[in-house]
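Engineer: After the structure tokens below, expect a handful of questions from me.
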Amino acid sequence: MTKIAPGALATVEWRGKPVWVVRRTPEVLARLQTLRAELTDPDSQVSSQQPKYAANTVRSIRPETFVCVGLCTHLGCIPSFRPDPDSVQPGWPGGFYCPCHGSKFDLAGRVFKGSPAPINLLVPRYSFESDERLLIGRDSEGDAK
Ligand code: FES
């Protein structure tokens, strides 16, 4: 995943859907640990939204690599990537902002309280074939349904 610059996002298509891969920096990872009180499901309790190996604070296998389906869990718009602090509103920690009805997600795809979206962004099954190669839709348990 070293081809993605630190802090940047790459979009790939998987089964007709956009899938985002974000290379998170140590600063982003530290900020994710401070947001808990503002989030609807900080611990990924809604099991439909990620495989077990991504049911953690950073919602990923490797902390620096975040993978999710880039569709809002409200009505399916594509949120915009707004990684810079304060870029959406004062105090904004960086994340994804849905322009359709204003849902907000952090850089682990966790939805902020008060958003129309009820649940976190979907993390698909994935695995690492090597340090450079990520396989979307397949893990040690097989292919995604
Ligand atoms: S579709 Fe994203 S907030 Fe409604």
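The values are calculated or read from the model by the stated rules, or taken from the named source; none is laboratory data. All values derive from a computational prediction rather than experimental measurement. Neighbour counts run over all protein chains shown; Cβ positions are idealised from the backbone, glycine included.
Engineer: Which count do you get for residues in the stretch 10-46 that are of a type outside the set (A, V, I, L, M), assigned to a loop (DSSP other than H, G, I, E, B) and under 20 Å from Ile119 (Cα atoms)?
Structural biologist: 8
Engineer: Only one of Phe112, Phe105, Phe81 is within 11 Å of the ligand (Cβ to nearest atom), in contact with a strand residue (DSSP E or B) (Cβ under 6 Å, 6 or more places away or on another chain) and not aliphatic (A, V, I, L, M). Can you tell me which?
Structural biologist: Checking each option against the conditions leaves just Phe105.
Engineer: Looking at (1) touching a Cys at 6+ places or on another chain (Cβ under 8 Å); (2) in contact (Cβ under 8 Å) with a residue 24 or more places away in the chain, which one does Phe81 not meet, given that it meets all the others?
Structural biologist: Checking Phe81 against (1) touching a Cys at 6+ places or on another chain (Cβ under 8 Å); (2) in contact (Cβ under 8 Å) with a residue 24 or more places away in the chain, the one that fails is (1).
Engineer: Given the structure, is Val58 surrounded by fewer than 17 Cβ atoms within 10 Å (Cβ to Cβ), at pLDDT 95 or above and touching a strand residue (DSSP E or B) at 6+ places or on another chain (Cβ under 9 Å)?
Structural biologist: no
Engineer: I'd like the residue in the stretch 103-128 that is not small (Gly, Ala, Ser) and not in a loop (DSSP other than H, G, I, E, B) and, out of all such residues, is surrounded by the most Cβ atoms within 10 Å (Cβ to Cβ).
Structural biologist: Val111
Engineer: Among what's in the stretch 84-102 and is over 16 Å from Val28 (Cβ atoms) and within 16 Å of the ligand (Cβ to nearest atom), pick the residue that is surrounded by the most Cβ atoms within 10 Å (Cβ to Cβ).
Structural biologist: By that ranking, first place goes to Cys98.
Engineer: Separate question: Looking at this structure, is Leu75 within 19 Å of Gly16 (Cα to Cα), more than 11 Å from the ligand (Cβ to nearest atom), part of a loop (DSSP other than H, G, I, E, B) and of a type outside the set (Ser, Thr, Tyr)?
Structural biologist: No: the conditions fail for Leu75.
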